[in-house]
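Enquirer: Would you mind keeping the following structure in view while I ask a few things?
The values are calculated or read from the model by the stated rules, or taken from the named source; none is laboratory data. All of these numbers come straight from a predicted model, not from anything done at the bench. Every residue, glycine as well, gets a Cβ built from its backbone with ideal geometry; the counts of neighbours run over all protein chains shown.
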Amino acid sequence: TKWDTKGDLDESKNLPIYQHKATLQQAVKDNSFLVVTGETGSGKTTQLPQYLHQAGFWSNGKIGITQPRRVAAITVAQRVSQEMHCSLGREVGYQVRFDDCTTQDTVVKYMTDGCLLREILADPVLSQYSVVILDEAHERSLNTDILLGLLKQTLSSPDKASKGRSVPLKVVVMSATLETDKLSVFLGGCPVFTIPGRTFPVTSKFSCAIGPKDTESSVYIKEVVKVALDVHTSEMAGDILVFLTGQSEIEKACDMLYEKAESIDYRYDVQDHKVEGLLILPLYGSMPTDQQKQIFQPPPPGIRKCVVATNIAATSLTINGIKYIVDSGFVKQLNHNSRVGMDILEVVPISKSEALQRAGRAGRTSAGKCFRIYSPAFWEKCMPEYTVPEIQRTSLTAVILTLKCLGVHDVIRFPYLDRPEERFILEALKQLYQCDAIDRRGKVTRLGELMVEFPLPPGLTRALLQAASLGCEDLLLPVAAMLSVENIFIRPGHPEKQKEADKKHRQLGVQAGSCNDFTMLLSVFEKCKASDAPSAWCKDNYIHWRALKSAFSVETQLREILLRLQKKRDFPMEKFDGNKSELFRRCLCTGYFTNVARRSVGKVFCTMDGHGSMVHIHPSSTLFDQEAQLDWVIFHDLLVTSRIYIRTVCPIRYDWVKDLLPKLHEVDVYELSSVARE
Ligand code: ADP
Ligand code: MG
């Protein structure tokens, strides 16, 4: 055969999907829309694109597969390139925001759903593709939902669909389970192909550790660690998968496991299965991909693997050999917070369907067990039946702008799989109007057409474009890049070290001259870039070198986008006479005037956006403890705990925002929406 048997392929022949290879190839040929569903691990993500490749689809264009999560896009592309015996970036490649690993040879392309949405902007009929696979549709990510609506619209109008294409586009929608009938109906009654799965029973046990009132992260971290260790010492062989909320919680839990696991005697005989050691592996979105490989490898003999993961391990990535689940019952989720009028990343209880999905991860190869650290009362009182789709709980500003740029003027009657509340659409229109991306009639402005090109939040893009028009983009580009990567600053858990880290960070801010958190980002960026030994510099200053390195690359890419736009269009230019620090902060104000707060009493500030939220400066800020000297500030985001904190803060003068603030109240959203309804 064409393939040499390195074991990989044999393995893939054992996957449930393999039996249906020919049927699936034919089904894609015969239908413009197809829904494919099957248990996690049945081989949908890694195998179907290869089947379509083998069936020759690539000769009419690329086979594109979208993933809601960037790690999944990267990891799966790596795996599939191995299975196809080619190096990553050649026949098989991936593209995620700020990281393009494809070449002209790439015919199987994994990417985030956000990337495909950007491609549609440039090429509405996706003329480069023969097949587009929307994977993980059950996750109901905002971008996948929008893609579903857009592709439905395009393919259902024949003249639109065939324009600029030689052969019609094929769309496959893949989903773990759930709601496939709904998907099929939405897509005009298209066929649903179900891959019969084999799963084994999983017994779930509640505990009484977490009740309806325990949302403190220290409580559930401690508890999952305790339960994981219990499993390790008392259960038969088989790997453990712990579900936690995010990177810092996962790192904390892993630290505790390392510490405690050392004091346990592993020479523990459980029914002939020697379990000697515990191999602890973290898994979260922003971790280095070379570290992720270990997750998939079987542990050494006699060693038990314990993966501590975010929800990414629920469906996006399948880890073989898992027999035990430890479920924290929580997830980190972006939600629109109506109290403060912004999207906020919060830790919330998972839904019951999510809990079942998590438990199911233990039953792939044999019967498994799921240990829930929460009580039946928690299940009843705190956990909703289903997870609310992202489109119904987050800000729609960026996607509404994308839709408008695609010529979808009526954003209210767009075919949504689940309709967002009208007030969310109105809110998005209002924000777009406030940052000059659309006009009073809801039409995209020239500025809006520029803004949509940047994969950044609208306010930040607005500030960046303002800086560019004043010729000072060098100040804003690094800041935008630094705000686009995760966790630049290391804040160690150990109290002494934490103090030292905070001190170092503050020094970096003070050295930057005018002291605020935005100039601090700029200063860290520039200092490290100028350093001869950047990684040592980072270590010394408690900065994540890896994060900073990606900020360098992001900055370059944002600069390229800007240059491209400046070449393509005549770019508005203004003149400004004033000092640099003022110029910098004024540019920020054009984008962040929606996030203005004024000090009311003591350390308390009040936001000016109509919500009038009472907020505090977060302790990580360089301005923390200097509140008395501040009056007006702008901020990048909010953190809601028992208090509302503002983070990445900058003092400003009232007269810089005086003319902008009325915009927050003047706009009549119904005027914008009545146009939307036309
Ligand atoms: P599905 O999309 O149906 O959930 P996948 O195609 O993701 O299934 O997974 C099929 C199989 O391939 C699983 O057994 C999984 O463990 C394996 N697999 C996927 N990615 C990797 C990888 N990077 N390394 C090793 N095995 C992998
Ligand atoms: Mg999959």
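Enquirer: Criterion first (of a type outside the set (Asp, Glu) and within 16 Å of ligand 1 (Cβ to nearest atom)) does Ile195 satisfy it?
Expert: Judged against the criteria, Ile195 is a match.
Enquirer: With respect to Lys222, determine if the residue is of a type in the set (Lys, Arg), touching a helix residue (DSSP H, G or I) at 6+ places or on another chain (Cβ under 8 Å) and touching a residue at least 24 places away in the same chain (Cβ under 8 Å).
Expert: Yes.
Enquirer: Are there any pairs with C-beta distances below 7 angstrom linking a residue in segment 42-61 that is at positive phi to a residue that is within 16 Å of ligand 2 (Cβ to nearest atom), with the two at least 6 apart or on different chains, and if so which?
Expert: Correct list of pairs: Gly43/Ser12; Gly43/Leu15; Gly43/Pro16; Gly43/Ile17; Gly43/Tyr18.
Enquirer: Oh, and also: Only one residue in Ala176, Ala253, Ala228 is within 16 Å of ligand 2 (Cβ to nearest atom) and either polar (S, T, N, Q) or touching a helix residue (DSSP H, G or I) at 6+ places or on another chain (Cβ under 7 Å) (or both), so which one is that?
Expert: Ala176
Enquirer: Which of the numbered conditions does Lys369 fail, given that it passes all the others? Conditions: (1) buried (at least 22 other Cβ atoms within 10 Å of the Cβ); (2) at pLDDT 95 or above.
Expert: (1)
Enquirer: Take segment 56-72 and flag every residue that is within 11 Å of ligand 2 (Cβ to nearest atom) and of a type in the set (A, V, I, L, M).
Expert: Ile65, Ala72
Enquirer: A further question on this structure: Restricting attention to segment 138-147, does a residue exist that is of a type outside the set (Lys, Arg), touching a Lys or Arg at 6+ places or on another chain (Cβ under 7 Å) and within 16 Å of ligand 2 (Cβ to nearest atom)?
Expert: The answer is no, given that none of the residues of segment 138-147 is of a type outside the set (Lys, Arg), touching a Lys or Arg at 6+ places or on another chain (Cβ under 7 Å) and within 16 Å of ligand 2 (Cβ to nearest atom).
Enquirer: Now for a different question. Of the numbered conditions (1) over 30 Å from Cys538 (Cβ atoms); (2) surrounded by 13 or more Cβ atoms within 10 Å (Cβ to Cβ), Ile617 fails exactly one; give the number of that condition.
Expert: Against the list (1) over 30 Å from Cys538 (Cβ atoms); (2) surrounded by 13 or more Cβ atoms within 10 Å (Cβ to Cβ), Ile617 comes up short only on (1).
Enquirer: While we're on this one: Looking only at segment 131-149, how many residues end up being of a type in the set (Gly, Ala, Ser) and within 16 Å of ligand 1 (Cβ to nearest atom)?
Expert: 2
Enquirer: Hey, could you check segment 150-175 for residues that are touching a strand residue (DSSP E or B) at 6+ places or on another chain (Cβ under 7 Å) and at pLDDT 90 or above and say which is nearest to ligand 1 (Cβ to nearest atom)?
Expert: Looking at residues that are touching a strand residue (DSSP E or B) at 6+ places or on another chain (Cβ under 7 Å) and at pLDDT 90 or above, I get Met174.
Enquirer: May I pose another question? Going by what's in this entry, would Arg358 be described as within 16 Å of ligand 2 (Cβ to nearest atom) and at pLDDT below 90? Spell out how you get there, then give the answer.
Expert: Details: within 16 Å of ligand 2 (Cβ to nearest atom): yes; at pLDDT below 90: no.
Considered against the rule, which asks whether it is within 16 Å of ligand 2 (Cβ to nearest atom) and at pLDDT below 90, Arg358 comes out as no.
Enquirer: Just give me the residues in segment 135-188 being surrounded by fewer than 23 Cβ atoms within 10 Å (Cβ to Cβ), within 16 Å of Leu34 (Cβ to Cβ) and acidic (Asp, Glu), in sequence order.
Expert: Residues satisfying the conditions are Glu179, Asp181.
Enquirer: Within 16 Å of ligand 2 (Cβ to nearest atom), touching a strand residue (DSSP E or B) at 6+ places or on another chain (Cβ under 8 Å) and farther than 19 Å from Leu317 by Cα: does that describe His53?
Expert: Working: within 16 Å of ligand 2 (Cβ to nearest atom): no; touching a strand residue (DSSP E or B) at 6+ places or on another chain (Cβ under 8 Å): yes; farther than 19 Å from Leu317 by Cα: yes.
No, not satisfied.
Enquirer: Of the conditions (1) away from ligand 2 (no atom under 16 Å from the Cβ); (2) crowded, with 16+ Cβ neighbours inside 10 Å, Val132 fails just one. Which one is it?
Expert: Of the numbered conditions (1) away from ligand 2 (no atom under 16 Å from the Cβ); (2) crowded, with 16+ Cβ neighbours inside 10 Å, the odd one out for Val132 is (1).
Enquirer: Given the conditions (1) modelled with pLDDT under 95; (2) more than 16 Å from ligand 1 (Cβ to nearest atom), report the number of the one that Gly7 does not fulfil.
Expert: Status for Gly7: all satisfied but (2).
Enquirer: What is the one condition in (1) modelled with pLDDT of 90 or more; (2) in a strand (DSSP E or B) that Ile319 does not satisfy?
Expert: Against the list (1) modelled with pLDDT of 90 or more; (2) in a strand (DSSP E or B), Ile319 comes up short only on (2).
Enquirer: Which one of Val108, Val76 is of a type outside the set (Ser, Thr, Tyr), within 14 Å of ligand 2 (Cβ to nearest atom) and touching a strand residue (DSSP E or B) at 6+ places or on another chain (Cβ under 6 Å)?
Expert: Checking each option against the conditions leaves just Val76.
Enquirer: Oh, and also: Would you point out the residue of segment 81-95, among those that are within 16 Å of ligand 2 (Cβ to nearest atom) and touching a Cys at 6+ places or on another chain (Cβ under 9 Å), that is farthest from Phe552 (Cα to Cα)?
Expert: Looking at the filtered set, the residue picked out is Val92.
Enquirer: Continuing with this model, one more query. Please find, within segment 308-332, the residue that is farthest from Val71 (Cα to Cα) out of those that are among the β-branched types (Val, Ile, Thr) and within 20 Å of the chain's Cα centre (by Cα).
Expert: Start the filter on segment 308-332 by keeping residues that are among the β-branched types (Val, Ile, Thr), which leaves 308, 310, 312, 315, 318-319, 322, 325-326, 331.
Cutting the leftovers down to within 20 Å of the chain's Cα centre (by Cα) gives us 308, 310, 312, 315, 318, 331.
Values: Val308: 15, Thr310: 12, Ile312: 8, Thr315: 12, Thr318: 13, Val331: 17 Å.
Applying the filter and picking the extreme gives Val331.
Enquirer: Among (1) at pLDDT 90 or above; (2) of a type in the set (Lys, Arg); (3) touching a helix residue (DSSP H, G or I) at 6+ places or on another chain (Cβ under 7 Å), which single condition is Lys182 missing?
Expert: Of everything listed in (1) at pLDDT 90 or above; (2) of a type in the set (Lys, Arg); (3) touching a helix residue (DSSP H, G or I) at 6+ places or on another chain (Cβ under 7 Å), Lys182 misses just condition (3).
Enquirer: Okay, next question. From the set of residues in segment 273-312 that are within 16 Å of ligand 2 (Cβ to nearest atom) and touching a strand residue (DSSP E or B) at 6+ places or on another chain (Cβ under 6 Å), which is modelled with the lowest pLDDT?
Expert: Among those residues, the one meeting the criterion is Ile295.
Enquirer: Looking at Thr445, Thr402 in this structure, which one is surrounded by fewer than 23 Cβ atoms within 10 Å (Cβ to Cβ), modelled with pLDDT of 90 or more and farther than 23 Å from Ile344 by Cα? Can you show your working first?
Expert: Numbers: Thr402 fails: farther than 23 Å from Ile344 by Cα.
After ruling out the rest, the residue left standing is Thr445.
Enquirer: More than 28 Å from Leu563 (Cβ to Cβ), among the polar types (S, T, N, Q), in a helix (DSSP H, G or I) and modelled with pLDDT under 95: does that describe Ser535? Steps first, please.
Expert: Values: more than 28 Å from Leu563 (Cβ to Cβ): yes; among the polar types (S, T, N, Q): yes; in a helix (DSSP H, G or I): yes; modelled with pLDDT under 95: yes.
Against the criterion (more than 28 Å from Leu563 (Cβ to Cβ), among the polar types (S, T, N, Q), in a helix (DSSP H, G or I) and modelled with pLDDT under 95), Ser535 qualifies.
Enquirer: Right, another one. Scan segment 27-73 residue by residue and report those that are among the hydrophobic types (A, V, I, L, M, F, W, C), more than 10 Å from ligand 1 (Cβ to nearest atom) and part of a helix (DSSP H, G or I).
Expert: Once the filter is applied, which keeps residues that are among the hydrophobic types (A, V, I, L, M, F, W, C), more than 10 Å from ligand 1 (Cβ to nearest atom) and part of a helix (DSSP H, G or I), segment 27-73 yields Ala27, Val28, Leu52, Phe57, Trp58, Val71, Ala73.
Enquirer: Please list, ordered by first then second residue, the pairs with beta carbon atoms under 6 Å, 6 or more apart or interchain, first in segment 155-176 and more than 19 Å from Leu48 (Cβ to Cβ), second surrounded by fewer than 14 Cβ atoms within 10 Å (Cβ to Cβ) and small (Gly, Ala, Ser).
Expert: Once the first residue is more than 19 Å from Leu48 (Cβ to Cβ) and sits in segment 155-176, its partners that are surrounded by fewer than 14 Cβ atoms within 10 Å (Cβ to Cβ) and small (Gly, Ala, Ser) give Gly164/Ser127; Arg165/Ser127.
Enquirer: Quick one: would you say Thr203 is surrounded by fewer than 23 Cβ atoms within 10 Å (Cβ to Cβ), of a type in the set (Ser, Thr, Tyr) and within 16 Å of ligand 2 (Cβ to nearest atom)?
Expert: On the way: surrounded by fewer than 23 Cβ atoms within 10 Å (Cβ to Cβ): yes; of a type in the set (Ser, Thr, Tyr): yes; within 16 Å of ligand 2 (Cβ to nearest atom): no.
No.
Enquirer: A further question on this structure: Considering only residues that are buried (at least 17 other Cβ atoms within 10 Å of the Cβ) and over 29 Å from Glu346 (Cα atoms), which ones fall in segment 631-659?
Expert: The answer is Trp656, Val657.
Yes or no, residue by residue, for (1) assigned to a loop (DSSP other than H, G, I, E, B); (2) in contact with a helix residue (DSSP H, G or I) (Cβ under 9 Å, 6 or more places away or on another chain); (3) within 25 Å of Ser553 (Cα to Cα):
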position: Leu475; (1), (2), (3): no, yes, yes
position: Pro478; (1), (2), (3): no, yes, yes
position: Leu483; (1), (2), (3): no, yes, yes
position: Glu486; (1), (2), (3): yes, yes, yes
position: Gly493; (1), (2), (3): yes, yes, no
position: Lys499; (1), (2), (3): no, no, no
position: His505; (1), (2), (3): no, yes, yes
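Enquirer: On to the next question. Here are Leu334, Leu278: which of them is farther than 27 Å from Thr397 by Cα and either basic (Lys, Arg) or part of a strand (DSSP E or B) (or both)?
Expert: Only one candidate qualifies: Leu278.
Enquirer: Could you check, for segment 329-336, whether at least one of its residues is more than 16 Å from ligand 2 (Cβ to nearest atom), closer than 30 Å to Thr154 by Cβ and touching a helix residue (DSSP H, G or I) at 6+ places or on another chain (Cβ under 9 Å)?
Expert: From segment 329-336, those more than 16 Å from ligand 2 (Cβ to nearest atom) are 329-336; that's our starting set.
Applying the additional criterion that residues be closer than 30 Å to Thr154 by Cβ yields 334, 336.
After this cut, where a residue has to be touching a helix residue (DSSP H, G or I) at 6+ places or on another chain (Cβ under 9 Å) as well, the list is 334, 336.
Yes, because at least one residue in segment 329-336 is more than 16 Å from ligand 2 (Cβ to nearest atom), closer than 30 Å to Thr154 by Cβ and touching a helix residue (DSSP H, G or I) at 6+ places or on another chain (Cβ under 9 Å).
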